[in-house]
Each structure stands twice: as C-alpha cells, then as structure tokens.
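What follows is a short report on a single structure.
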Amino acid sequence: MAGAAFALCLLIGWLAFRSLFAYHLDHARRDALHRLDALALSLEAALARHETLPGLLALDPTLAALLDAPHDPARLAAANVYLEAAQQGAQVAVAYLIDAQGLTVAASNWRQPRSFVGHDYSFRPYFRDALEKGLGRFYGVGVTTGEPGYFLAAPIRRDQRLLGVVVLKQQLDALEQALANSADPLLLVDGNGIVFLASSRALRYRSLAPLAEPVAARLGDTRQYGEQPVAPLADRPVRLDQPGPLRLALPGEATRERLVHARPVGLQGWQIVELGNPDEARSAATAQATVLALAAAFALGLIAHLRHRARRREELRRVHASLETRIAARTADLTAQIAELEKTKAILRETRDAAVQAGKLATLGQMSAGISHELNQPLAALQTLADNARALLDRDRLPEAAENLAMISDLVARTGRIVRQLKSFARKEVPTPQPVTVDRAIEHALLIVEPRRRETGARIQTPAPAPDRRVIAEAGRVEQILVNLLRNGLDAMAGQSEPLLVIDCRTVGDLRELSVRDHGPGLSDEAHAHLFEPFFTTKPAGEGLGLGLAISRTIAESYGGTLTVRNAPGGGAEFVLALPADGDSDAPPDT
Ligand code: ADP
C-alpha cells in the first residue's frame with residue numbers, strides 16, 4: 001500500500017516534471033524568440049542601411065566615364081577619389097568599381113598596398129547578381145583582405161548597356177559585438193547552414209551539418225569564406241527545428257544540452273540561432289514537480305488518514321451496533337425471565353391464597369375446639385356448684401348454699417369475661433391504659449386457672465402482697481396474659497410429681513417485670529424460635545390454638561411493654577411480661 005502510494009507520487013512527480021519542463025522550455029523558446037526578433041530587426045536594419053547606396057553611386061557619371069576609358073589616368077583618379085569620398089561618407093569598409101568583365105578598375109583603397117584595383121571578382125556572386133538582377137547582396141570573406149563583410153553591388157548602365165558594377169563592402173563588426181554580449185551562444189547562419197557570424201570566434205565558419213558536395217563545390221568557386229575549410233559545428237547535425245534539448249559538443253566545450261532557437265533574418269535565407277541552456281527550465285520544473293509530488297504525497301497521506309478514520313468509525317459503529325444488539329437480546333432475555341418469575345410468583349400467590357384459605361378453615365376448627373374447651377370447664381364448675389347449692393338448700397344449710405350461689409355468680413361473671421376476651425381477639429379495640437393493681441390481676445388469673453391447677457396438682461408460688469404495685473395497662477388484658485402464661489406452665493408440667501409454678505414481680509427502671517417460671521421441660525429450639533408466631537402450637541388438636549402467646553405479646557406491646565421468654569437456669573421456661581410501672585417506679589423492688 002505504502003509502496004503503491006510512493007510509486008504513485010513518483011509517477012505524479014515524473015508526469016508533472018515532463019509537462020512542466022515542456023512548459024518552461026516553451027517559455028524559454030518564446031523568450032529566446034523575442035530576443036532573436038529584436039536582434040533580427042537591428043540586423044536587418046543594419047543590412048538595409050546601405051541597400052540603395054550602390055544604386056546611387058552608379059548614377060554618377062564619373063564611374064561610367066572611367067568604364068568608357070579604363071586607361072585614362074585622369075578618369076581613373078577621379079573615380080578613385082569619388083569612391084574614396086563615398087566610402088568615407090557612408091562609413092563602409094571599401095567602395096570599388098568593377099568593369100563588365102569583373103576586373104576592378106577603381107577602388108576607395110587605391111592608395112593602399114592591398115588595393116582591390118586590378119583584381120578579378122567576376123567569380124563573386126554579388127557581381128553576377130548585380131549584372132543579372134540589378135542588385136547583388138553577398139556576405140563573404142574578402143578575397144583580397146581576408147576580412148569578412150557584406151557586399152552590396154549595383155550595375156552601371158548606359159543605354160541598356162552594362163558598363164560595370166559598383167560595389168560597397170560593409171563590415172558587420174558592430175553586429176558581431178552585439179552578438180558577443182549574449183549570455184548564450186548566438187549564431188548567424190547562411191542559407192547553406194554555415195555560421196558566418198557568432199558570439200564566439202570559434203564558432204565562425206562552421207556548418208550546422210556536414211556540407212553536401214555541390215554546396216562545398218560552390219563555396220570553393222565563390223570563395224565565399226576564403227580558403228578556410230568549413231567543418232561541422234558538432235559531432236552531430238544541429239537541426240534548427242529541434243523542439244527539445246540537444247546534446248552538443250561545441251568547439252572548446254564539453255558535451256552539454258542545448259536548446260536550439262532560430263529565426264529567419266534578411267532576404268538571403270539567413271537564420272539567427274540561439275543555443276539556449278535548458279538547465280533553468282529543468283531546475284524550475286524539478287522544483288515544481290517535487291512540490292507537486294510532495295503535495296500529492298500529503299494529499300494521499302491525508303486521504304489514507306481520513307479513510308483510516310472512517311474505517312475506525314465504521315468499526316466502532318459496528319461494535320456499538322453489535323453491543324446494542326447483545327444488550328437488546330439480553331434485555332429481552334431478562335424480560336422473559338422476569339415475566340417467568342412474575343408467572344411463578346402469581347402461581348405461588350394463588351397457591352398461598354389457597355393454603356391460607358385451607359389454613360383458615362383449619363384454624364376455625366381449632367378455634368371452635370379451643371373455645372368450647374375454654375367454656376366447658378366453667379360450665380362444668382357451674383353445674384357442680386348449682387347441684388351443690390340445691391343439695392344444701394334441701395338440707396337447709398342456707399349460709400353454705402348462699403356461698404355456693406355467690407361462687408356461681410362469680411363463675412358466670414368470669415365466663416362472661418372469657419367470652420368478652422374472645423370477642424376482643426376478634427375485634428381490635430383501641431387500648432385505654434390505666435393503673436392496674438398487679439396483685440389483683442394475679443389473684444383473678446389464679447382463680448381462672450384454678451380448675452386446671454387442681455387437675456395437675458401443681459403448687460403456685462406468688463410474690464409477697466403489695467397493694468400499691470401497679471402497671472399502666474388494662475386489668476382484663478393483664479389477667480388474660482397471666483392466665484395464658486399460667487395455663488401454659490401448668491400444661492408443660494402436666495404429669496410431673498411435684499409441679500411448681502413461681503410467679504414473681506420486680507421493678508426495673510420504668511418497667512415492672514412479672515415473671516412466670518415453671519419446672520417443665522423448657523423450650524425446644526424450634527419452639528423458642530416460633531412460639532410467638534400465631535398458630536404455633538405443639539399441643540394436640542382441640543387443646544391448643546397457638547394464639548395465646550401471639551395475642552399476649554401484641555397486648556403487651558400495645559401498652560409499650562414486652563413479652564419475652566428464656567429457658568430458666570435450673571430447667572423449665574421463664575416468661576417475663578414487662579409493663580410500664582405506675583407512679584411508684586422508684587419504690588424498692590418487690591420481693
Ligand atoms: P397454645 O397454648 O394454644 O399451644 P400458646 O401460644 O399459648 O398456644 O403456646 C404456644 C406453644 O408454646 C405451646 O404449644 C407450647 O409448645 C409452647 N409453650 C408455651 N408455654 C410453654 C412452657 N411454659 N413450656 C414449654 N413450652 C411452652
């Protein structure tokens with residue numbers, strides 16, 4: 001992946017380099033062509049400056065006069081002077097006159113040792129062109145002087161007859177100077193591809209390509225560039241329409257790349273050529289392509305980063321979604337479990353309701369048995385007392401009969417109390433606490449349990465009398481609790497040889513503690529844990545309801561007291577009823 005990205009960046013860099021290099025080359029070409037345009041214009045202006053001068057000189061009769069009589073010394077002198085004046089006036093290198101055969105008859109340099117006079121220039125193209133076309137233009141190396149120059153020639157005619165040719169040779173030094181100032185090599189190339197002017201002398205008289213045979217022959221004929229051989233410029237032809245860089249070894253230089261820019265100049269098929277340097281374009285393109293490649297690398301990096309982030313986000317989203325799915329599944333599972341639980345609970349509730357219903361019926365049965373048992377004893381006692389009273393009345397033992405009747409009245413009153421108590425179990429009444437004398441409550445309770453005591457033959461030990469010992473409760477309720485405790489104690493000791501029940505009372509803080517201790521078997525663990533629960537009983541059906549202790553504790557608590565039990569140290573159970581003491585709680589504890 002990273003390798004592919006790297007390769008892509010390289011490719012982008014390479015493509016960018018190619019197009020940028022082409023762009024910069026094009027730019028360089030346009031710049032070069034602008035420069036060449038300017039140069040070509042000044043060159044053309046320089047070449048055109050004297051274009052009409054030979055024609056003007058030809059009109060002067062002095063020259064024609066000499067051509068009429070070439071050996072006339074006066075005419076010759078006049079012509080020489082004239083040409084010399086023209087040369088100086090026009091500031092050209094030489095002005096000279098050639099007769100129709102090509103022989104120079106007069107010249108501005110007639111005084112100088114290397115005067116043109118007497119030389120035959122019939123082989124020079126400008127001579128022939130002047131004769132044939134009316135104007136000869138030629139650039140070449142002077143046959144006589146060996147100096148290059150631009151030759152302009154015009155014919156001298158009289159009556160359509162050609163008398164000769166007047167020639168001006170112009171040196172292009174200034175132009176060469178201008179070329180030499182250029183940073184890159186500049187060449188002025190003729191129609192045959194031969195460099196005749198250049199920014200460097202070494203480049204002069206070199207051809208862009210090896211010369212074709214006829215061209216070489218013509219050069220020899222015209223001696224255009226004198227005697228010197230024309231060698232190719234580089235080891236391979238320089239093409240002027242070359243678009244890209246060309247590897248060239250110019251004379252005296254190592255091989256290097258060149259850009260060839262060319263533009264035609266003048267009327268003779270010349271070209272002005274600049275051999276530019278592609279380095280600048282290349283380094284600009286390299287720098288820009290590098291920046292582009294780096295930008296591409298950055299962009300690719302950014303894309304990779306963004307894609308990575310998007311992938312991470314997608315992954316997170318997937319994880320999240322799967323988590324949610326799992327949570328939903330788990331929730332559904334839990335909901336199903338809860339529904340199952342609810343169902344189970346409902347079944348349980350129904351079962352329990354049914355059980356309660358069944359329990360209630362059983363309780364009803366037990367209660368009926370219990371109540372009839374509770375009432376049977378006083379009824380039996382009443383029966384006996386009533387029978388006794390009748391027997392005593394029969395025997396006229398009236399005082400005893402009255403005593404019996406009083407006992408009957410007492411029993412009836414107590415039976416009524418039992419029924420009231422049963423009623424109070426059924427209906428919850430608002431307690432109305434008041435002082436209750438403890439001794440009286442004990443006395444009444446003992447009276448109620450008396451028949452049972454007799455049955456068991458038990459001895460009941462009571463605390464020493466204390467008429468002011470009172471608790472805050474209700475007399476009937478305190479008696480009810482005591483009866484229950486006494487009866488349970490007697491029941492527990494049933495069948496024992498010397499059953500003993502001990503009732504005691506003491507004051508602890510704000511409370512009076514009434515204790516009933518038996519010498520029975522004591523409490524089993526199970527009984528100890530449950531005996532205050534309603535309907536807990538170990539007695540046979542019909543004898544116990546299992547309500548006594550539950551109701552007793554509820555009553556005690558309704559007055560702010562407690563009912564507790566423990567196994568007494570010497571055996572047997574000890575129940576303690578604690579009730580708020582009335583007033584004299586500071587009195588010394590009862591004994
Ligand atoms: P019931 O007397 O109708 O059974 P209680 O609530 O009075 O109802 O007593 C509940 C049970 O507590 C009794 O069945 C018995 O097992 C146990 N119990 C009560 N008092 C004593 C005691 N003094 N000794 C041993 N067990 C007792």
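Please verify whether segment 182-203 includes one or more residues that are of a type in the set (S, T, Y), touching a residue at least 24 places away in the same chain (Cβ under 8 Å) and outside any loop (DSSP other than H, G, I, E, B).
Scanning segment 182-203, I find no residue that is of a type in the set (S, T, Y), touching a residue at least 24 places away in the same chain (Cβ under 8 Å) and outside any loop (DSSP other than H, G, I, E, B), so the answer is no.
Which of the helices (runs of 4 or more DSSP H) found entirely inside segment 1-68 contain at least 2 residues meeting this: open to solvent by 60 Å² or more (accessible area, probe 1.4 Å) and either under 29 Å from E257 (Cβ atoms) or of a type in the set (S, T, N, Q) (or both)? Spell out how you get there, then give the answer.
Numbers: elements: 2-49, 53-59, 61-68.
It comes to 2-49.
Please go through segment 474-485 and pick out each residue that is more than 8 Å from the ligand (Cβ to nearest atom) and touching a Leu at 6+ places or on another chain (Cβ under 8 Å).
Selection gives V478, I481, L482.
What are the pairs with Cβ atoms under 8 angstrom where one residue, in segment 504-532, is without any contact (Cβ under 8 Å) to a residue 24 or more places away in the chain and the other, located anywhere, is open to solvent by 50 Å² or more (accessible area, probe 1.4 Å) and within 15 Å of the ligand (Cβ to nearest atom)? Sequence gap at least six, or different chains.
A527/T538
Select from segment 486-502 the residues that are within 13 Å of the ligand (Cβ to nearest atom) and either touching a residue at least 60 places away in the same chain (Cβ under 8 Å) or touching a strand residue (DSSP E or B) at 6+ places or on another chain (Cβ under 9 Å) (or both) and list them in ascending order.
L486, R487, N488, G489, L490, A492, M493, P499, L500, L501, V502
Can you tell me which residue among S515, S524 is out of contact with any strand residue (DSSP E or B) (no Cβ under 9 Å at 6 or more places or on another chain), of a type in the set (G, A, S) and within 12 Å of the ligand (Cβ to nearest atom)?
Residue meeting the stated conditions: S524.
Within segment 121-147, how many residues are of a type in the set (D, E), touching a residue at least 24 places away in the same chain (Cβ under 8 Å) and part of a helix (DSSP H, G or I)?
1
Select from segment 372-409 the residues that are surrounded by 14 or more Cβ atoms within 10 Å (Cβ to Cβ) and under 19 Å from A445 (Cβ atoms) and write down the one among them that is modelled with the highest pLDDT.
The extreme case among them is M407.
Anything in segment 4-27 that is among the aliphatic types (A, V, I, L, M) and within 15 Å of T286 (Cβ to Cβ)? List them, or say none.
L10, I12, L15, A16, L20, A22, L25
Mind listing whichever residues of segment 449-472 are small (G, A, S) and either assigned to a strand (DSSP E or B) or surrounded by 13 or more Cβ atoms within 10 Å (Cβ to Cβ) (or both)?
Within segment 449-472, G457, A458, A466 qualify.
Need the failing condition index for A153 against (1) at pLDDT 90 or above; (2) outside any strand (DSSP E or B), just the number.
The one condition A153 does not meet is (2).
Checking P113 against (1) closer than 28 Å to V189 by Cα; (2) part of a loop (DSSP other than H, G, I, E, B), only one condition comes out false. Which one?
Status for P113: all satisfied but (1).
What residue, of T554, T537, is β-branched (V, I, T) and within 8 Å of the ligand (Cβ to nearest atom)? Lay out the reasoning, then the answer.
Numbers: T554 fails: within 8 Å of the ligand (Cβ to nearest atom).
T537 is the lone residue from the list that is β-branched (V, I, T) and within 8 Å of the ligand (Cβ to nearest atom).
Just to be sure before I move on: is F116 at pLDDT below 90, open to solvent by 50 Å² or more (accessible area, probe 1.4 Å) and not charged (D, E, K, R) in the structure I sent?
Values: at pLDDT below 90: yes; open to solvent by 50 Å² or more (accessible area, probe 1.4 Å): no; not charged (D, E, K, R): yes.
So F116 fails the test.
Tell me yes or no: at least one residue of segment 139-160 is of a type in the set (A, V, I, L, M, F, W, C), in contact with a strand residue (DSSP E or B) (Cβ under 6 Å, 6 or more places away or on another chain) and farther than 18 Å from A58 by Cα.
Yes, segment 139-160 contains at least one residue that is of a type in the set (A, V, I, L, M, F, W, C), in contact with a strand residue (DSSP E or B) (Cβ under 6 Å, 6 or more places away or on another chain) and farther than 18 Å from A58 by Cα.
If I ask for residues that are open to solvent by less than 70 Å² (accessible area, probe 1.4 Å) and part of a helix (DSSP H, G or I), which ones from segment 432-446 would you list?
Residues satisfying the conditions are V438, D439, A441, I442, H444, A445, L446.
Conditions tested, residue by residue: (1) over 54 Å from the mean Cα position of the chain (by Cα); (2) over 30 Å from R137 (Cα atoms); (3) of a type in the set (G, A, S); (4) open to solvent by 50 Å² or more (accessible area, probe 1.4 Å).
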{"residue": "G266", "(1), (2), (3), (4)": "yes, no, yes, no"}
{"residue": "E274", "(1), (2), (3), (4)": "yes, no, no, no"}
{"residue": "A287", "(1), (2), (3), (4)": "no, yes, yes, yes"}
{"residue": "L294", "(1), (2), (3), (4)": "no, yes, no, yes"}
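From the list E526, E543, E479, E557, exactly one residue is at pLDDT below 95, under 14 Å from E443 (Cα atoms) and either among the acidic types (D, E) or open to solvent by 50 Å² or more (accessible area, probe 1.4 Å) (or both). Which is it?
Going through E526, E543, E479, E557 in turn, the sole match is E479.
The values are calculated or read from the model by the stated rules, or taken from the named source; none is laboratory data. Since the model is a prediction, treat every value here as computed from it, not as a measurement. Note: ideal-geometry Cβ built from the backbone for every residue, glycine included; neighbour counts use all protein chains shown. The area values use the complete protein model at the heavy-atom level, side chains included, leaving out ligands, DNA and RNA. Shrake-Rupley method; radii C 1.70, N 1.55, O 1.52, S 1.80 Å.
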